[in-house]
Every structure is written in C-alpha cells, then in structure tokens.
1. Order the peptides 162-172, 201-211 from the highest to the lowest mean number of other Cβ atoms within 10 Å of their residues.
2. Among 72-83, 173-184, how do they line up from the highest to the lowest mean number of other beta-carbon atoms within 10 Å?
3. Straight-line reach from Lys89: which lysines have a Cα under 21 Å away, not including same-chain ones fewer than 8 places off?
4. Would you list Val155, Val130, Val54 from fewest to most Cβ contacts within 10 Å?
5. For an R0 of 25 angstrom, estimate the FRET efficiency from the Cβ-Cβ distance between Leu238 and Ala136 and round to the nearest 0.05.
6. Just checking my list (1) 0.93; (2) 1.15; (3) 1.06 against Cα Rg over 2.2 N^0.38 Å computed from this structure; which label fits?
7. Any aspartates and glutamates with Cα under 12 Å of the Lys6 Cα? List them, leaving off those in the same chain fewer than 8 positions away.
8. Which of the helices in the chain meet the span-like rule: DSSP H, Cα axial reach of 15 Å or more, Kyte-Doolittle mean at least 0.0?
Amino acid sequence: MKTFSKYWSIFQITLINSLAYPGELVGRSLMIIPFMWIFYQLWKVTFSAAGADVIGGLTLRDTLWYLMLAETIELGRPPIARTMSDNVKDGSIAYILNKPYDFLLYQFSTAMGETIFRAMLNAVFGGLTVWWLVGAPNHPEGILIALPAIFGAWVLHFCINAMIGLSAFVVEDVSAFTWIYQKLAFIFGGMLIPLDFYPKWLQSLAKFLPFSSAIYGPARLFISPTYTFFISVMSLQLTWVLGLCILLVIVYRRGLAQLTVNGG
C-alpha cells in the first residue's frame, strides 16, 4: 500500500500541475476541431463518390465518431519518449534515477497524470464538433464500455513509447524511432482510416499488431459496444501489455549498464 500511495501521489501531483496553464491545455485541445472538420469533408465526399451509405460496416456517422475517439486517444498521450530522451541529453536522468522510486513506474504515473485532462478536453471538443456535424452517436453507452479499453490503450502506448525512450540510454536522440512509430500507428492502428476499410488480408495483419489494440480496438468498441468484441479487444490488449512489460523491464536493466550521463 505504501508503494501504491507513492505513485498515486506522483499521479495526483502531475494531474494538478497539468492545470497550471489552462490556456495552453485548452488551446492544444481545440486542435481536434479542425481535424474533425477535415475528416468530415473527406469522408462525406468518399461516401458520396462510392454511392453507398455503408462502407466496411460503417456509416458516415459511425466513421466520424470512430475517428473522434481515435484522435482523442492519440492526442491525449504525452511525448514520453521525447521526455526521456531530453532527460538523457541534459543529464537530468542521473537525478531521476537516484530518487527512491522505480524509474518506469514514475514515468507511468506522470504519463497518466498528463493524459487525463488532455483526453477529457479532446473528447469534449471533438465530441461536440462531431455531434454538430453528423448527430449523436448510435450507441452513446458505448463510451462506458470502451473506457477499460481506452485505459488499456494508454498503458499500451506507454509501454511502446517507454521502450523507444529507453533506447535513448544508448543512442540519446530517439526522434527517428518516434517518427517511425507514429507512422506505423497511423497505418496499422487505424488512426486516419478505420481498419474496416482495408483489404481483408491487411485487416487480419493490422488487427493482430499492438497498434490496432492501442487505437482501433477502443474506438471501434465505442461505436460497436458488444460483449464479444469487448472480450476480444481486452484479451488482445492484455496479451500485448504483459509481453511488452516483461520486455520493458529487460531493456531497462540492460540500458542502465550502457547509459552515459551528460551534463555537470
């Protein structure tokens, strides 16, 4: 309980600190509004050109609500890998590692603290925009069913980004790895295009990868809140999270042996 309370306190402090600059927080969250407007124009033309009301099992309304939640998940997460890389570059990593807490759990607690309000504001502004453009979601209760999967997506995002961040222990600058991960998430995570619109063989491949569990699964569950799909999404998320957590601990321990601290 003492260990839990320590990281809970870190989470709470970070959560409060994220409200220190409300203007910046709101301003960044407002970016989702033009994104959803562009998506609406793009997919309205796509559905019109296809001459169909349903594509890949999704209507225009479903597609916009799916993309809203996908963007909320993606825009809400903090740049963990870049932060860890900066800590290595400026030498502050030595100060952090000497503190009486686990480095990875500390990073996880701060990441969750930074995520909550970002995601909430993105969901509010994005949801209001989509509601105005295409109307209410067909299954409003889907957001409650999708909440565990959204949390699982954040944990999965953390595992992958922390893995990239730990590579800074060796290479220092991780911007190239972050760029590659973002593009893989765009394509195989279904952030820009729902995986339902892909060819069947590509859908099968993409849905097995962790990127889909971090974006597509929770967003699709929101618009298709069924028990069977919920179990499928959560099972795949849990499998990837457990595997990546084990790998993360191994990489962290090996990275410490190769870390060179900069600064004075």
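1. Taking the mean over residues of other Cβ atoms within 10 Å, the ranking is 162-172, 201-211.
2. 72-83, 173-184
3. Lys99
4. Val54, Val155, Val130
5. Working: r = 31 Å, r/R0 = 1.25.
That gives a FRET efficiency of 0.20.
6. (3)
7. Asp102
8. Helix filter hits for the chain: 2-17, 32-50, 60-76, 103-134, 142-166, 175-188, 227-258.
We did not get these values from a lab; they are worked out from the coordinates using the rules stated. Note that the structure is a prediction, hence the values are computed from the model and not measured. Here Cβ is always computed from backbone atoms with ideal geometry, including for glycine, and neighbour counts include all displayed protein chains.
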